[in-house]
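The values are calculated or read from the model by the stated rules, or taken from the named source; none is laboratory data. As the structure is a computational prediction, the values presented were derived from the model and not from experiment. We place every Cβ from the backbone using ideal geometry, glycine too, and count neighbours over all the protein chains shown. Quick note on the areas: whole protein, heavy atoms, side chains included, nothing else; ligands and nucleic acids left out. Shrake-Rupley method; radii C 1.70, N 1.55, O 1.52, S 1.80 Å.
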Amino acid sequence: MNDRMTTPWGELAPTRFPEDPRDRLRAWDASDEYLLRHLAEQGIPFSGTVVVVGDRWGALVTALAAHRPTQITDSYLAQEATRANLARAGVEAGAVRLLTTQDPPPARVDLLLIRVPKSLALLEDQLHRLAPAVHEGTVIVGTGMVKEIHTSTLQLFERILGPTRTSLAERKARLIFCTPDPSLRRPANPWPYSYALPDGVGVVSGRMVVNHAGVFCADRLDIGTRFFLGHLPDGKGARRVVDLGCGNGVVGTAVALANPEAEVLFVDESFQAVASAEATYRANGVPGHAEFRVGDGMAGVSAGSVDLVLNNPPFHSHQATTDATAWRMFSGARRALKPGGELWVIGNRHLGYHLKLRRLFGNSQLVASDPKFVVLRAVKR
């Protein structure tokens, strides 16, 4: 995108990561602009510690960099986009402190800005983690598009931080205003959440799954993963296996249990997901060797070093539907696989992944299907 983001402190040209000139999705939206405009118009003080939660591509902290904010994000891609956008804007190194949702938050927060995430569970977890740092004078402002802010969203702010109200909508965006109540008796944080897998899912039947907030289907086994577990390759002879987009790690854990000789790499761009995968793996006392990595798909995995890649690619980037992530995952898998190595993919039938695999690998085999899902296999020649 070539259009620029206008803020009360000047124009910016933030981009997503990885940057793609063909990508027509912007790195900010009306809710980011609404929040920044409100801060300037109301003369909100920036004294003390400024914390920005859920800044999707770094547009907010780049605009506020002069106030040395702290960013908290679950996304490796968002963190890398932030670094690039800060550098593009000429912001000095270290002006913005970059934290993940797995890091301890600042001990005191004076201005808390929250970009409402897609996951209500992730919002719940982060509000719980930040609540001890909030004091009576903390200014708390949330932002999001109207379709992202529900009654349940406001109830979380009410239960965990204090009385909450919303603004009028502007350009389909809305603000959330929360007044901290230090005397509030908030409930315990329910995250991370653990449960035992049901019977009928192979070697992981009855095994424990640990989910940090924000991981897809954190309170139950989703039907797609369950179908995939029933049709996984046995992994025999595969020395190095990658659970790509690992989520809570149940697929990679199943492979490790079935083939203790395999080295399994769990990788996801979500810090919450990789923490979940490691917790799931450790909770089940799996033998063998495993590595847990937060990153951009197969980037950083040596070419021709992998025997088997297992993948359930996402087809959303926040609220936008896109196949860009799946395409990057498939391309990265092909580069990393050894000749004869295999990529196994599960996806919704309508997504047409078999066409992408044929373009990349020259082949695609249907392993299994039901009315909703397909499991596909592609071999690197």
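Between ASP234 and ARG381, residue separation times 0.36 nm minus the direct Cα-Cα distance comes to 50.9 nm. Other residues with beta-carbon under 11 Å from the beta-carbon of PRO132 carry, at +1 per Lys or Arg and -1 per Asp or Glu, a net charge of +3. Against the main long axis of the alpha-carbon atoms of the chain, helix 30-41 sits at an angle near 20°.
Computed from label points 7 Å out along Cα-Cβ, the spacing between ASP199 and HIS350 is 3.5 nm. Using a 1.4 Å probe on the protein heavy atoms, what percent of the accessible area of the chain belongs to carbon and sulfur? It is 50 percent, rounded to a whole number. Packing, as the average of other Cβ atoms within 10 Å across residues, places the peptides 293-302, 204-213, 135-144 in the order 204-213, 135-144, 293-302, highest first.
Placing dummy labels 7 Å off each Cα toward the beta-carbon, the span from ARG185 to CYS217 is 3.8 nm. Taking 0.36 nm per residue of sequence separation and removing the Cα-Cα distance, the HIS135/ALA324 pair yields an extension gain of 63.8 nm. With the cut-off at under 11 Å, measuring from each backbone N in segment 151-183 to a point 7 Å along the Cα-to-Cβ line of THR6 picks out no residue. For the chain, the relative contact order is 10 percent, taking Cα pairs closer than 8 Å that sit 6 or more residues apart in sequence and dividing their mean separation by the residue count. For the chain, lysine pairs with C-alpha atoms less than 18 angstrom apart, excluding pairs fewer than eight positions apart on the same chain, total 7. Using a probe of 1.4 angstrom and keeping all protein chains present, the accessible surface of segment 204-264 works out to 37 square angstrom per residue. Take each peptide in 214-222, 52-60, count the other Cβ atoms within 10 Å of every residue, and average; sorted highest first, the result is 52-60, 214-222. Sorting 273-281, 163-171 by their mean Cβ neighbour count within 10 Å, with the most densely packed peptide first, gives 273-281, 163-171.
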